[in-house]
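Bear in mind these aren't lab numbers, they're just calculated from the coordinates by the rules spelled out. Note that the structure is a prediction, hence the values are computed from the model and not measured. No Cβ is skipped: glycine too gets one built from the backbone with ideal geometry, and neighbour counts run over all protein chains shown.
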Amino acid sequence: MAIKRHALALLLALICGLLSPVGLAVAPAEPLLQLVGSGSAVRLDSAALAAVSTDFGALFRAAPAAVARPRSAEEVAGLLRAAHAAGSVAVSARGRGHSTHGQALAPGGLVVEMAHGDLPAPRPTPVYDGGRYYVDVWGGDSWADVLSWTLSHGGLAPRSWTDYLHLSVGGTLANAGVSGQAFHHGPQISNVLQLDVVTGKGEVVTCSKEENAELFHAVLGGLGQFGIITRARIALERAPQRVRWIRVLYADFAAFTRDQERLIALDGERFDYVEGLVIVDEGLINSWRSSFFSPKNPVKIGSVAGERRVLYCLEMAKYYDEDDGGGGKVDGAVERLLRRLRYVPATEFVTELTYVEFLRRVHRAEERLRGKGLWEVPHPWLNLFVPASRIADFDATVFRGILGNNTGGPVLIYPMNKHKWDERSSAVTPDEDVFYLVAFLRSALPDSGDPTQSLTHLKRQNQEILEFCHHAQIKIKQYLPHYKTQEEWASHFGPKWNRFIESKARFDPKRILGSGQGIFQLPSSLLPS
């Protein structure tokens, strides 16, 4: 502990300009507290520290010793040079605070807040160069802001999204960034042209597939281990104007997955978005249905699923423009695509909305939950990539067994094509051509009185699911991963592990970055929230 205090004092001294990076003396802590004023990029006040001591998951807490709010890549570089010189101070970048298992926490160290917050955000202008459109954005910018900026300049938009747009660019690129468009365009990390990264040594490096490629591929999906993304060059395309949004129901899991995999394999006429949902409780199906119709006439699962008591929703979207004959061309395309599917007759729900409304659909749900006081609650989420060859086994034991009849929140399931992922990135997926994202996006409601919605129950279910996969030898990969031992991390990365270690040694040799992930510095200081 004395060593950590010594390193932290040295770090703060370097940040405050008391010492040069080669100095050895350590300034007393009290003068440091006095020197860091309200106008500094570094904050030590209790309110600032408390705000970054937990995250969206609300499962762990860990107070840093300082919070930095840099305004430029140069300021980020200065912070990391100071941390590198100090030697053993944990540093974690924080975007919009949506980590779920303490990944952005820095126990006793430095949290670098990349979101500009109340600072006036610049409005980047899209560029056309070499036959393609792109935009350069700050790593802490949200995808919602990026959408707003690019649409206002010629109706452009990124090609690949997450379902929820109020996440930071750097945060999703450090993982992968997936949603129902990933089967066609690949994850967000497959749609980045160039990055500016500040390494763990405090060096600002511009990288791409052609320039400093090792760092470029390491950072994408690299869980914040090799540097902090300060600029990302995002590929753009002409944005559609409207969306035909369709949901259908299945009682037969084999038919459901067969149709999903058929849709993502189409090369010509196809849907632009394909996702799925597992429904095991009445409340969820009618909440789901209310996006399309009034919930006054509730749907009963038993009336559709029979004794199986589980339904599967296939969700699709077709994008189009106003000049497509008011959607007339879309009618035929949608009819032909739906004709291929084997869903339960008379369970087709359709709505029309703008492209922006469609992309903001989850944010609308957030606003409703906030209004009910149900947003700021623990979120014990579990996200898995499951090989397509074992998804039926997963259904039999998890969806129709472990979950019971109350999920505690949405359970997403949809397939992706492995060939849309760049294997040079740090992101890992199952070793099959097609794999499924299965996302248990549950919320714990401690005051509900229902034990199945308690944090203890949901965490126990998550552990049951993981243990089942282990014993059944289903070679899953966690998305937004969290493990307790380095052996587990080595197993997670598999053949990429040695390269991961080599990149860490090159770009963050003192292992100061991403300590909250627990890959190289196990987060023993994280406390249950």
* **Listed peptides 492-504, 333-345, 246-258 by packing density, highest first (mean Cβ within 10 Å)** => 246-258, 492-504, 333-345
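For segment 59-184, what Kirkwood radius comes out of the mean inverse Cα-Cα distance, in Å?
Details: mean 1/r = 0.0621 Å⁻¹.
In segment 59-184 this quantity evaluates to 16.1 Å.
Strictly greater than 32 Å: what percent of every Cα pair in segment 242-479 meets that? List each step's numbers first, then the result.
Details: 6002 of 28203 pairs.
Roughly 21 percent, once rounded to a whole number.
Please list, by residue number, every one of the GluC sites (Glu not before Pro) in segment 194-266 that is coil in DSSP and has at most 12 other beta-carbon atoms within 10 Å. The partial results should precede the final answer.
Details: sites: E203, E210, E211, E214, E237, E261; in loops: E203, E210, E211.
Loop-located and lightly packed - E210, E211.
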* Just the projected area, averaged over all directions, of the convex hull on the alpha carbon atoms of segment 127-238: how many nm²? -> 6.6
* What share of Cα pairs, in percent, lie more than 22 angstrom apart in segment 308-399? -> 57
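Work out, step by step, the length gained on full extension between K510 and A254: first 0.36 nm times the residue separation, then minus their alpha carbon distance; give nm to one decimal.
Working: separation 256, 0.36 × 256 = 92.16 nm, distance 4.95 nm.
Full extension from K510 to A254 adds 87.2 nm.
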* Asked: Ranking D259, D422 by Cβ neighbours within 10 Å, fewest first, what do you get?
  -> D422, D259
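Express the relative contact order of segment 127-238 as a whole percentage, based on alpha carbon pairs under 8 Å and six or more residues apart in sequence.
On the way: 217 pairs, mean separation 37.8, N = 112.
Taking the mean separation of contacting Cα pairs over the length of segment 127-238, I get 34 percent.
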* Structure fact -> Over all Cα pairs of segment 371-529, the Kirkwood radius sets Rh, and Rg/Rh then becomes 0.99
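With a 10 Å Cβ neighbour count serving as the proxy for reagent exposure, in which order, fewest first, do D145, D323 appear? Please list the in-between numbers first.
On the way: D145 20, D323 8.
So the ranking, lowest neighbour count to highest, is D323, D145.
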* **Residue pairs, from the table K420/K484; K201/K459; K420/K496; K420/K475, whose Cα atoms sit over 28 Å apart** => K420/K484; K201/K459
* Label-point separation, E211 to E335 (7 Å along Cα→Cβ), nm -> 5.2
* Asked: Can you sort S389, S88, S46, S142 so the residue with the fewest Cβ neighbours within 10 Å comes first?
  -> S46, S389, S88, S142
* Compactness of segment 195-277, expressed as Rg and Dmax over alpha-carbon positions, Å -> 19.8, 55
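How big is the charge dipole of segment 242-479 about its Cα centre, in debye rounded to the nearest 20, if each Lys and Arg gets +1 on its Cβ and each Asp and Glu gets -1 on its Cβ?
Values: 33 positive and 34 negative charges, 75 e Å.
The calculation lands at about 360 debye.
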